[in-house]
């Protein structure tokens, strides 16, 4: 072997660096709107919540602070936009801004319930498209992504320029209904607007679907049930909707269904907003059980015995893990249909 070959043979090669995930370590933070729900998500993920603090001063000024270094980390702030809606939304903006200024690498706003999704169109003169304003504000604050569940209008995803992962609670609800083994079950949508989602429930359970005809004449949160499209005579019915505030539509629909010959009547909603008086209204209605998820923690009144809460924290945890690992969120839910 000549000298040149020997020198080449002993020349050190390039150093192999240990691979590090480009997205940084996972960090889950809990806003004041969903501390219990955020803890359930963290438990499912097997991580500790990142310490943080939210404080409201005597004049109503909101102060937020992250108590741990999040520089270069993949952060998820869990903060729903429910009652008090404006306080929770402004706090969410401040959390996103705080994470941005703390040099977090990626910021996902985890919004279990997005109340302003109801303001999705200009259907009257001189009104604001509130969902669009909220979307612009979140992006301006620095959100890189949004993770939410059962938006009132799925097209709101298009209001954002950043990616929006839209989860559905119906798989959790349908699994619970399957365990109940209710015979002759029919899915009922309280109005035409939720008919497509009701059909997805029916598809998962392998049962028929009927549709209610509901009309709203003003902003009083009261609706008039006009008719039921489909046969419910001798059938047990599951009423489904994305949320309920007063419980009025569900209770009125249950009355019409009973008049049309329905047997046992159940109801399920993704978000139990439940304003004052709603629990008593449901307790005194023809509804056997109302199933709702744990996306909303702040309740005006304690739930009645007819209300049963199902947790969707595992659904959010799987989605967060998928986002963090940069894998497909939609592949986690192969039975779901895109709406």
Qualifying residues in segment 167-185 (those that are surrounded by 19 or more Cβ atoms within 10 Å (Cβ to Cβ) and free of Cβ contacts under 8 Å to residues at least 60 places away in the same chain) - the one farthest from residue 115 (Cα to Cα): 185
Number of the condition not met by residue 170 [criteria: (1) more than 14 Å from the chain's Cα centre (by Cα); (2) closer than 21 Å to residue 210 by Cβ]: (1)
Residues of segment 207-228 that turn out to be surrounded by 14 or more Cβ atoms within 10 Å (Cβ to Cβ) and modelled with pLDDT of 65 or more, as a count: 9
Test set (1) closer than 18 Å to residue 270 by Cα; (2) part of a helix (DSSP H, G or I) - residue 83 fails condition number: (2)
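Please verify whether segment 141-152 includes one or more residues that are assigned to a helix (DSSP H, G or I) and at pLDDT 95 or above.
yes
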Count of residues meeting criterion [in contact with a helix residue (DSSP H, G or I) (Cβ under 6 Å, 6 or more places away or on another chain) and either surrounded by fewer than 11 Cβ atoms within 10 Å (Cβ to Cβ) or in contact (Cβ under 8 Å) with a residue 40 or more places away in the chain (or both)] in segment 117-136: 1
For residue 49: the one exception among (1) part of a loop (DSSP other than H, G, I, E, B); (2) out of contact with any helix residue (DSSP H, G or I) (no Cβ under 6 Å at 6 or more places or on another chain); (3) modelled with pLDDT of 95 or more: (2)
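Okay, residues lined up against (1) in contact with a helix residue (DSSP H, G or I) (Cβ under 9 Å, 6 or more places away or on another chain); (2) part of a helix (DSSP H, G or I); (3) at pLDDT 90 or above; (4) closer than 23 Å to residue 327 by Cβ:
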{"position": "5", "(1), (2), (3), (4)": "no, yes, no, no"}
{"position": "11", "(1), (2), (3), (4)": "no, no, no, no"}
{"position": "16", "(1), (2), (3), (4)": "no, no, no, no"}
{"position": "22", "(1), (2), (3), (4)": "no, no, no, yes"}
{"position": "28", "(1), (2), (3), (4)": "yes, no, yes, yes"}
{"position": "40", "(1), (2), (3), (4)": "yes, yes, yes, yes"}
{"position": "44", "(1), (2), (3), (4)": "yes, yes, yes, yes"}
{"position": "55", "(1), (2), (3), (4)": "no, no, yes, no"}
Of all residues making up segment 259-284, the number that are more than 22 Å from residue 197 (Cβ to Cβ) and touching a helix residue (DSSP H, G or I) at 6+ places or on another chain (Cβ under 6 Å): 1
Residues satisfying the stated conditions in segment 232-256, i.e. more than 20 Å from residue 271 (Cα to Cα) and modelled with pLDDT under 95: 255, 256
Some residue of segment 154-163 being touching a residue at least 24 places away in the same chain (Cβ under 8 Å), under 28 Å from residue 202 (Cβ atoms) and in a loop (DSSP other than H, G, I, E, B): no
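Yes/no per residue for (1) touching a residue at least 60 places away in the same chain (Cβ under 8 Å); (2) not assigned by TED's automatic domain parsing to the domain that holds residue 42:
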| position | (1), (2) |
| --- | --- |
| 266 | yes, yes |
| 271 | yes, yes |
| 274 | no, yes |
| 291 | yes, yes |
| 294 | yes, yes |
| 297 | yes, yes |
| 304 | no, yes |
| 321 | yes, no |
| 326 | yes, no |
Residue 142 on the phi > 0 side of the Ramachandran plot, assigned by TED's automatic domain parsing to the domain that holds residue 41, surrounded by 15 or more Cβ atoms within 10 Å (Cβ to Cβ) and in contact with a helix residue (DSSP H, G or I) (Cβ under 8 Å, 6 or more places away or on another chain): yes
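The values are calculated or read from the model by the stated rules, or taken from the named source; none is laboratory data. A quick note: this is a predicted structure, and the numbers were derived from the prediction, not measured. Ideal geometry is used to build each Cβ from the backbone, glycine not excepted, and the neighbour counts take in all protein chains shown.
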